[in-house]
Each structure stands twice: as structure tokens, then as C-alpha cells.
Amino acid sequence: MRSTFYITTAIFYANGPLHIGHCYESVLADSLARYHRARGARVHLLTGTDEHGMKIERKAAAAGRPPQAWVDEIAGAVRHVSDRLGISYDDFIRTSEPRHVTAVQAIFTRLWEQGDIYLDQYEGWYCHYDETFWPAGRVLPGDLCPQCSRPLEWTREPTYKFRLSKYASAIAALLVRPGFVVPESRCNEMLAFVRQGLDDIAVSRTTVAWGIPVPFDPAHTIYVWIDALSNYITALGYGTADSTLYRTFWPADLHVVGKDIARFHAVIWPALLLALGEPVPAGILGHGWLNVGGEKISKSRGNTVDPLPLIERYGVDAVRYYLLREMPFGPDGNYSEEGLVHRTNTDLANDLGNLLSRTTMMIDKFVRGVVPAPGAGDGVLEAATAQAVRAVEQHMERLQPADALAALFRLVSRANKYIEEQSPWSLAKKPAEAERLGGVPAGTQIRRGAPLFPRIQE
Ligand code: MSP
């Protein structure tokens with residue numbers, strides 16, 4: 001068992017509110033954090049917002065707002081959704097906070113002083129949307145971005161570069177470490193990419209004003225990935241007078257990120273840490289995307305789903321349950337409101353709700369609302385429960401809450417079936433058998449209330 005567990009979500013771009021896909025990531029990380037807390041570990045769950053860069057600068061300008069005012073508002077909205085979703089985060093980092101800005105500048109200066117960062121020229125294809133330079137070989141016909149299919153711009157400017165190439169073999173060695181990147185299919189993609197060799201990467205821009213200035217050359221702004229990735233350690237006070245949290249929690253046990261940014265986490269991030277002489281994270285979970293109507297969620301397709309009305313209508317437990325239960329491990333999953341309603345009705349209202357209401361009803365009716373002392377039962381439910389607990393542990397250790405929930409709901413079905421087999425309503429009529437009605441902590445006073453998960457009209 002672990003004594004500490006440090007887990008992070010990606011930091012969300014402050015260019016709009018969170019949609020249901022982002023929420024999946026938060027709920028996934030939160031379920032793992034809660035699991036480890038329940039197991040007694042000291043857990044630190046970090047989430048937050050990624051607030052710099054051209055995309056956000058442009059968004060703020062389009063909204064007629066100064067960038068800081070814009071990101072303040074979006075960060076507030078992201079925090080609000082995280083709270084409504086029940087994300088039990090221990091810290092929420094914003095990359096425009098002084099604690100982050102100062103630490104990133106120190107990291108950049110140190111890498112420059114030790115020769116891992118050098119001044120160069122960059123000329124090439126750049127995607128403003130993804131804030132990524134693309135090698136000519138990856139550019140799609142029509143000079144389009146291989147990731148988002150938007151038009152690329154040919155860019156030429158002085159830039160500081162990070163010597164990523166120097167770390168290629170160290171990264172390849174990391175990638176073969178079991179569990180470093182999961183699922184394995186994603187890890188294999190990374191390995192194939194790294195084995196082609198790694199180029200040094202641009203880490204500053206002179207054409208973006210909204211960001212952290214390079215301290216020794218303020219015409220340059222630190223390019224998003226050094227800024228963004230560092231959040232995982234700046235939030236712990238890395239390099240500051242008080243690095244207690246850093247010493248307690250680093251290296252991270254798990255970075256939970258989507259497949260689109262797994263590469264940055266599995267390649268650039270460990271290289272930066274190796275350059276800083278710091279340990280690398282233990283694991284990176286590159287989850288699939290939650291699509292809507294089989295398509296990637298995007299504003300331009302108009303298929304974004306706002307989680308707040310769903311939480312309002314169906315309750316936070318139903319939304320969380322649906323997200324965790326429906327998403328497969330690795331591949332993309334699909335969201336639909338009908339699916340959410342159906343899952344809620346079948347699993348929560350019918351199976352779990354039925355079990356709860358029958359149990360409380362029987363305690364209320366047969367033993368006047370007081371849970372009797374456990375009787376000498378046949379051990380069937382005890383055995384099924386112990387088996388479910390083992391299965392949940394195994395699945396959660398493998399980062400698969402969907403399977404953990406499936407195991408739990410097998411127990412719920414078994415318990416429902418058990419009640420039918422035992423028909424306690426007939427036992428209650430025979431005083432000699434009354435002892436067998438036990439099985440839950442004795443003396444607990446049970447009151448029946450409204451159903452936890454009322455059925456929803458489908
Ligand atoms: N700011 C960067 C991450 C920097 S981490 C040092 C970023 N932000 S994002 O807002 O675009 O995405 C945040 C996270 O949400 C990413 O892990 C991304 O993969 C995830 N998702 C975005 N859309 C998603 C779905 N439709 N489904 C599941 N995850 C989704 O990337």
C-alpha cells in the first residue's frame with residue numbers, strides 16, 4: 001500500500017468552459033484519488049488552468065477583454081464546474097499565478113545556464129490552434145495541421161530551443177518501463193515516435209505577448225509546453241523556500257491526460273525533468289476521448305455538452321457514474337444523454353435503488369427500524385462481497401474504474417438475487433428464523449426516505 005499518492009489532471013486551457021469530455025478526465029482522476037484516500041494514502045490531487053499563449057490572447061481580444069480578466073473569469077468557471085462535479089482536488093493551479101510564473105522563470109534560467117536551452121532560429125510550419133510546430137513530413141496536403149486540420153502558418157523567428165535530442169535514448173528507455181505509459185497501445189505509439197529520433201524543440205516565441213517572459217531576454221515569451229508542464233512541480237513549491245510538498249509528493253504517481261497530449265507528457269516532460277536532475281513521474285495514463293454522436297467534441301461542430309444542466313437534472317452521482325462506467329480503458333467512448341438516462345435507470349434506480357429500498361423497507365417493517373445483530377448466516381453474501389472488494393482493488397490498481405464498477409454492480413445483482421432466494425418476508429413470520437435476518441451493523445437505526453436515484457422518464 002502507498003503512503004502518498006500524487007495524481008494530476010491536465011491543466012485546462014482557459015479559452016472556454018469545461019465540456020463533458022474534460023469532465024471525464026477530472027472524474028477519472030478524482031475516482032483514483034478517492035480510492036487511494038480510502039486505502040489510507042495521503043493523496044494530493046492537482047487540477048487547474050493553462051492560461052497563457054496565443055490562443056487565449058486571441059480569445060480574450062475577440063471578447064474585448066484584457067487577457068488577465070478573461071482568464072480570471074474562465075478559471076472561476078472551471079473551478080465552479082470542478083466543484084459541482086465533486087472533484088476532490090487538493091490544489092488548483094493557475095499558470096498566471098505568481099507562484100507558477102516565478103518558478104517557471106527559474107527553471108528556464110537554470111536550463112539556459114547549464115546549456116540545455118540555446119538561442120536559435122526557427123523556421124517552419126506552425127499551428128496557432130495547437131500551438132505546435134510541425135515538421136514538414138507531418139504536414140497534411142494543403143498545408144494543414146496533422147492534429148486539428150486547420151491551416152498552418154509558415155513561421156520564421158528567433159527562438160530558444162531545448163536540447164530534447166540529447167535525451168532521446170533516456171526517454172526510449174523510460175518508455176519500455178512497465179506502467180510508465182498506459183494503455184500499452186499508447187505507449188507503443190510513443191516508442192515508435194521516439195525511435196525515429198527527437199529534434200530539439202522551440203521553447204520561446206517572440207510573437208506572443210501573453211505569457212511568461214524569458215527573464216534574461218524579455219522579447220521572448222516562454223512557449224506553452226515548458227510553462228504548462230511545469231505546473232505539476234510549481235504547484236508543489238518546487239525551487240521555492242518552502243518545498244515541503246515537493247519533497248512529500250514528487251515524483252507524481254500518475255498524470256491523467258488525454259491521448260492528444262500524452263506525447264508531451266511522455267517525451268518532453270521527462271526530458272525536462274532529467275535536465276533538471278529531478279525524478280520522472282511514475283506513470284502517465286493517456287485516456288481516450290469522449291466523443292458526442294461518434295464525433296470529436298468541438299465548438300465548430302456545435303456538439304459541446306455543458307455538464308452543469310446535466311448535474312442539475314440528473315444529479316452529480318448519476319453523471320459521474322455514467323462517465324466512469326461507460327468509458328472504455330484506452331479507446332474513445334461515446335456520450336449521449338439517452339445513454340446517461342438509461343444507465344441511471346438500469347443500474348442506479350433499478351438495481352442499486354431496488355436493493356436499498358428493499359433492505360431499508362425490511363428493516364423498517366420486520367425489525368422496527370433497528371438493524372439486528374448479525375445472525376449465523378450462510379456466508380454467501382460475505383463471500384461475494386469479499387470477492388467484489390478484491391476485484392475493485394485489482395481494477396482500480398490497473399486504473400480501470402469501469403471494470404471496478406462492473407464488479408460492484410455484480411455484487412448488487414447478487415444481493416438482490418439473494419434476497420429473493422431467502423425471501424426474508426417469510427423468515428420474518430417465523431420467530432425461530434428471525435436470527436437469520438441479521439447481517440448489517442447491529443443497532444443502526446434505519447429510516448426510509450425518498451429514493452436516492454428516482455427513475456427518469458426515458
Ligand atoms: N492545456 C493543455 C494541457 C496542458 S497539461 C500540462 C490542454 N488543455 S485542454 O483544455 O485542451 O485539454 C485538457 C484535457 O482534457 C486534456 O487531457 C485533453 O485530452 C482532455 N480532453 C479534451 N477533450 C476531451 C474529450 N472530448 N474527451 C476526453 N478528454 C478530453 O490540452
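The values are calculated or read from the model by the stated rules, or taken from the named source; none is laboratory data. A quick note: this is a predicted structure, and the numbers were derived from the prediction, not measured. Positions of Cβ are generated from backbone atoms using ideal geometry, with glycine treated the same way; all protein chains shown enter the neighbour counts. Protein only, heavy atoms only, side chains kept; ligands, DNA and RNA dropped before computing areas. Shrake-Rupley method; radii C 1.70, N 1.55, O 1.52, S 1.80 Å.
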Residues whose placed amide H lies under 5 Å from that of Thr159, excluding near-sequence neighbours = Asp120, Gln121, Tyr122
If the cut-off is 30 Å between C-alpha atoms, which lysines fall inside it for Lys296, apart from same-chain ones fewer than 8 positions away?
-> Lys55, Lys59, Lys259
Result for the range 255-309: accessible area per residue, probe 1.4 angstrom, in square angstrom, of 33
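Near Thr47, within a Cβ-to-Cβ distance under 10 Å, what is the net charge of the other residues, with Lys and Arg +1 and Asp and Glu -1? Please report the intermediate quantities before stating the final value.
Working: positive: Arg79; negative: Glu25, Asp30, Asp90, Asp91.
That works out to -3.
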Quick one: length gained pulling Glu337 to Val389 fully straight, 0.36 nm per residue minus the C-alpha distance?
-> 15.7 nm
Can you send over the carbon and sulfur percentage of the accessible area for the chain, probe radius 1.4 Å, protein chains only?
-> 54
Residue-normalised accessible area of the range 16-113, given per residue in Å² at a 1.4 Å probe = 37
Along the dipole axis of the chain (charges at Cβ: +1 for Lys and Arg, -1 for Asp and Glu; origin at the Cα centre), the most positive-end residue among Gly283, Ala318, Ile222 is Ala318
